[in-house]
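What follows is a set of notes on a single structure, which appears directly below.
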Amino acid sequence: MRARSAGIIACLSLAPAALASVAGYTAESERPYTVTEEREECESFDPLRRPFFGDTHVHTAYSFDASTQDTRATPRDAYRFARGEPLGIQPYAEDGTPSRTVRLDRPLDFVAVSDHAELLGEVNLCTTPGTLRYWHPVCFTHRNFPRLGMMLIAYTGTILKSRWDTLCGDDGEACEAGSLEFWQEIQDAAEEAYDRSSRCSFTSFVGYEWTASVGPGKNLHRNVIFRNEKVPHLPVNWIDTPSAFDLWQSLQAKCLDGLPGCDVLTIPHNSNLSGGLIFETARISDAEVPGPIDTEEARLRSRWEPLVEIMQHKGSSECDLRAGWSNDESCGFEKLPYDNFGGKNSFLVERQLPSESNFVRYALKQGLLQQRELGANAFRYGIIASTDTHIAAPGLTKEQDHPGHGGAGLAANEIATEGLPDDIEFGPGGLAVLWAEENTRDALFAAMQRREAYGTSGTRPIVRFFGGWNYPENLCEDPGFVAKGYADGVPMGGELGPGDPANRMRAPRFAVWAMQDPGTANDAGAPLERIQIIKGWLDGDEAHERVIDVAGGKNDAGVDLATCERHGSGASNLCTVWVDPDFDPTVPSFYYARVLENPSCRWSQYACNAAGVDCRNPDSVPEPLAVCCSSEYPATIQERAWTSPIWYTP
C-alpha cells in the first residue's frame, strides 16, 4: 500500500493542447459528445475534465407532498437558491412572511428540479385561488389537513388515484390543463436559470420524478432527466405507465422516437425503501414479481439507467450492517429502521428491517451474475447522490443548522419549535458530482451516460479513480496523473476488457486520489481518514465482495460532542496505485472506491446542542428533545464519497 500526494493538485487544471488527444479529440473546439443545442462555447474547457457538483432530486411547491408541507417556493426559486441567493422557508406567518431563511455557502454547478409528475395538475388547481375547484373538498383537505393528505398519497396508489378522480372529473380536462401550465413553468424556469453565455456558470436540466409504489409504500421511484430543452408534451407519470418497463417504452415513443433531438435517462432512488423490489424486474406493477429479468430487460435497463442514487435525505442505500454486511462497519451509515414508507408508521404496516436486496452493492453483485447468464448487466450502475429536498433547497447538505428537507410525512407547518426541525432518522442528503469538460447540458449529460460520476454524503471532496493494466507504482508523484489515467486505462464508470493477450497474465491496477473538501469560511472541510476499494467478483454461481483499505487508515481523530469541534490527525490528500493480489482473469468483477472523512457532528447533535440539551440530566430534557439522548441515533457521522465502479469483463 502506498499513499502519496505530490504533484496531484496541479493535475486538476492541466489541459495543454499536447494532452488533448487523451480524451479522444484534438482541439478545444471539438467536443467528444454530440452538441444538441445552440449556445455560446464555454470560455473554460478542460479536455481532462473537471468535477461539477449538483443535485438531481429537488421538489418544490409543484409536488403534491411538498405542497402539503406548506412549501411555497417554485422551480424558479429553487434555481435561484442553487445559484447562491437566499430562500425563505416555512413555517410562514399569517402575512406570508417566512420564519426561516437558508442560503448555500457555495453555489451549485447544476440542478434538475424533479417535481412529481403525478398529481401535477391537481396541485395546481388546489393551490391556485380563483380556480373553480379551489374549494373542492379534496383541495380543502389537501390544504388544511396535510397529514391526512400525506397518509393517503404515500401508501397505496389506489387511494392516491381515486382520491383525485373526483376532483378532475371524468374527462380530466381541468387537471390536464393544470399539468400543462406547471410543466411549462418547469421548462421556463430551467431555461431562465441556464447560463448559455460563455461563462457557463450554471446548468439546469428539465426533469421530474416518476413516483411508482407497489403494495404499502414500496418505493420504485425514478427521477427522469432530459438532455436539453426538447421534452414531451407532458411528463410520463406512474398512473399511465404502471411499471418502469412501461415508462421506458413511453419515453422511447414520446422522446427518442417521437421528438427530434430529445434524449433522456432515468435514475432510481431510495432502494433502501423499496421493500426489496427495486432491483427485481422492472416489469413489476403490483406487489407480485412477474418473473426474472431477461436479456431484453437487462439491456434496456443498462441503457435507460446508467446511474443510481446511493444517498438522499431519507438515508443511504449502499449496504446495511443488519442485512448481511456485518463485517463492514461503514455500512451502518445513515440507516432507516424500516424497508418501505409504510413501515414508517408501523400501525399501518408491520415494520420490517431492510433486506440485502434493498441495497446498491447487492445490485452490483447481481449484475455480475446476469452478465454471465444473460450476456447483459441490468445493474451496471454509476453512482451519484442528491438531497430529495421538499423545501426547494437543492444542495442544502450542511449538517450545522440543517432545517430539515421535509418529506415522508413531516408537515413543516406543524414543526414543534421546541423539538428538532426534522425526524431524527432523516438527514441533509448528498450531492451528485460529474466529471465533464465544461458546464453545459451536453457535457454533463454525456458524463451521466458514461457513468463518470460519484456521489457524496453532502461534503465536497474531489475524487479521481482510474483502472488500467500498466500504471506505474509512482503514478501519484507524476504531474501527468490524470492524463496518464485516461491514456492507459478507464475512469470511474468505465469497463476494462482483457485487451492485449499479455494482460491476462497481469492484475489490473487502480489509481485513486482524493483531496479533502476545502470547505468555506463558515465551515472548514474535514481531513480524510482513508480510501477503500470495494471489490465484487464471481466464484462459480456465487457473488462475493471484499473491502480493502488502500490509503490512509484509522487515526486518532475525534469530536468534542459539547462543541462539535474536530480534533486529531488526518490527510488533506490521499493517493495510491493498488494492484489486486487475487485477480483471476477468467472472473467478472467490479471495483469502486469509498473515501471516508474524519468524524464530525451529525446535524441532530448540532441541533441538540443549540437547544441546550444535557443528557447527563435526563429529567431536564423536554419530551420533544428526548431523542437527543437516544442511543439509537449516532451523535457523529463520517462523511464520505462513493465512486462509480470500474468493471472487468473477461
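Read-outs: derived from the displayed coordinates by stated rules, not from any lab. Note that the structure is predicted; figures quoted are calculated from it, not measured. So basically every Cβ, Gly included, is an ideal-geometry build from the backbone, and we count neighbours across all protein chains shown.
A few comments on the model shown:
- Quick note on region 172-232: its Rg to Rh ratio, both from C-alpha atoms and Rh being the Kirkwood radius, is 1.10.
- Taking label points 7 Å from Cα along the Cα-to-Cβ direction, residue 555 and residue 400 give a separation of 2.0 nm.
- Calculated SAXS-style log₁₀ I(q)/I(0) at q = 0.23 Å⁻¹ - region 537-644, Debye, Cα scatterers: -1.24
- Residues 646, 239 in ascending order of nearby Cβ atoms (within 10 Å, fewest first): 239, 646.
- Pairs from 230/254; 218/398; 314/535; 314/398; 218/344 whose Cα-Cα separation, in the structure shown, is over 18 Å: 218/398; 314/535
- Residues 601, 42 arranged by fewest to most Cβ contacts within 10 Å: 42, 601
- Once C-alpha pairs closer than 8 Å and six or more residues apart are averaged by separation and normalised to the residue number of region 263-350, the relative contact order reads 32 percent.
- Taking every C-alpha pair closer than 8 Å and separated by at least 6 residues, the mean separation divided by the residue count of the chain gives a relative contact order of 16 percent.
- Cβ-defined net charge surrounding residue 388, 11 Å radius [Lys, Arg +1; Asp, Glu -1]: -3
- Counting every other Cβ atom within 10 Å of each residue's Cβ, 248, 513 order from fewest to most as 248, 513.
- Hull volume per residue, based on the alpha-carbon atoms of region 201-335 and their convex hull, is 139 Å³.
- Listed values (1) 23.9, 74; (2) 32.7, 112; (3) 25.2, 85, entry calculated as Rg and Dmax of the Cα atoms in Å: (1)
- Label reach from residue 249 (point 7 Å along Cα→C-beta): in region 279-316, amide nitrogens under 18 Å belong to 281-305.
- Dividing the helix sum by the residues of the chain, where each DSSP H run of 4 or more adds -39500 (n - 2.57), gives a mean residue ellipticity at 222 nm of -6000 deg cm²/dmol.
- Formal net charge of residues neighbouring residue 321 (Cβ-Cβ distance under 13 Å; K, R +1; D, E -1): -3
- On the beta carbon distance between residue 201 and residue 521, with R0 = 22 Å, the FRET formula returns roughly 0.60.
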